[in-house]
Amino acid sequence: MGRAFEYRKATKLKRWGNMARVFTKLGKAIEMAVKDSGPDPSSNTRLRVLIQNAKSENMPKENIERAIKRAISKDTADYKEMVYEGYGPYGIAMVVETATDNTTRTVANVRSYFNKAGGSLGTSGSVSFMFDHKCVFKFKAPDELDLEELELELIDFGVDELFADEDGSIQIYGTFESYGAIQKFLEDRGLEIVSGQFVRLPTDTKEVTPEQRESVNKLIEKLEEDDDVTNVFTNMKEEEEE
């Protein structure tokens, strides 16, 4: 099955906390997509998928509409996507993705979380080379879909893993650069996209003891509680399921 399958099984694609934080982070992503390419989902491919992501998380329609309206308002904040890298406790490599309107505040907070956990914030490129940047899509599979045939077709679009999920949907992983091409292919085929996002898969994982895992997880939780943080990725080996 490969690394993507193991990542998907262990994390379920994200570790966002409570629903309010999920909506906050999705709202920021929608605002940035609108500012980049406009408020019309029919012509803004990224926005189209983000709206599907929001629906799959049961984000109310009015919340989605408010995020779009905020993005076209002159008074709204301009968010920047910033990536921070470093080592958590016990030498665990970590990549922290953020969306912020105040980089000074965000980097100070992220550095503080690392320091208090016994880790250290590094420079750009210090650990990102240990991860493969991938895109991942989830879509509903019609009964007549031939998965083997679809997988062969998708190889030309940068897809390297495809598998059925427990709920009957299909998940595919591809290169970071192939996001737009994969989205277009799925839409052209009339396949209903449930979600589409980016992940960072560690090229190798590091073993930890249960006590060490607890320390690393505390840092992950602290980072994810910050409204500026959108994703946290590590090379910590996932806990084996019983």
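Computed values, structure above
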quantity	calculated
Segment Glu97-Asn63, length gained on full extension (0.36 nm per residue, minus Cα span)	10.0 nm
When each of Lys134/Lys184; Lys25/Lys206; Lys69/Lys140; Lys184/Lys237 is checked by Cα-Cα distance, pairs over 25 Å	Lys25/Lys206; Lys69/Lys140; Lys184/Lys237
Area of Asp156 that stays accessible when all protein chains are in place (1.4 Å probe, Å², to 10)	130
Distant-in-sequence amide H partners of Ser195 (H built 1.01 Å from N, under 5 Å)	Lys138
Value at 222 nm in deg cm²/dmol, rounded to 500, when DSSP H runs of n ≥ 4 in the chain each add -39,500 (n - 2.57)	-13000 deg cm²/dmol
Cβ-based net charge around Arg21, under 10 Å, with every Lys or Arg adding one and every Asp or Glu removing one	-3
Phi-based couplings in Hz for the stretch 213-223 (Karplus 6.51, -1.76, 1.60; Gly and Pro marked x)	4, 4, 5, 5, 4, 5, 5, 4, 4, 5, 4
Mean Cα-pair separation over length for the stretch 66-205, i.e. relative contact order, pairs under 8 Å, 6 or more apart, %	23
Mean shadow area of the stretch 130-172 over all directions, Cα convex hull, nm²	3.6
Relative contact order of the stretch 66-110, defined on C-alpha pairs under 8 angstrom at six or more residues apart (%)	33
Added length on full extension, which subtracts the Cα-Cα distance from 0.36 nm per residue, Asp227 to Glu177	15.3 nm
Two-decimal Rg/Rh across the chain, once Rg and the Kirkwood Rh are taken from alpha-carbon atoms	0.97
Whole-Hz couplings from phi, Karplus 6.51/-1.76/1.60, listed for the stretch 99-111; x for Gly and Pro	10, 9, 9, 8, 5, 4, 5, 5, 5, 5, 5, 4, 4
Cα-projected label distance for Glu187 with Thr123, points at 7 Å along beta-carbon direction, nm	4.1
For the stretch 95-164, convex hull volume per residue from C-alpha positions, Å³	160
Built amide H within the under 5 Å cut-off of Asn231, gap 5+	Glu97
Max mean-square fluctuation residue, GNM over the chain, Cα-Cα springs under 10 Å, options Gly125, Gly196, Gly174	Gly125
The stretch 128-195 - percent relative contact order, Cα under 8 Å, separation 6 or more	44
HN-Hα J in Hz across the stretch 164-177 - Karplus 6.51, -1.76, 1.60, θ = phi - 60°, x for Gly and Pro	7, 8, 4, 8, x, 7, 10, 10, 10, 10, x, 5, 3, 5
Arg66 accessible area, 1.4 Å probe, all protein chains in place, Å² to nearest 10	120
Proximal lysines to Lys74, defined as alpha-carbon separation beneath 16 angstrom and excluding residues fewer than eight positions away on the same chain	Lys28, Lys35
Most to least accessible of Thr106, Thr24 (protein chains only, probe 1.4 Å)	Thr24, Thr106
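The values are calculated or read from the model by the stated rules, or taken from the named source; none is laboratory data. The structure presented is a predicted model; accordingly, all values stated were derived computationally and were not measured. With ideal geometry, Cβ positions are generated from the backbone for all residues, glycine too; neighbour counts draw on all protein chains shown. Ligands, DNA and RNA are excluded from the accessible area calculation, which covers all protein heavy atoms including side chains. Shrake-Rupley method; radii C 1.70, N 1.55, O 1.52, S 1.80 Å.
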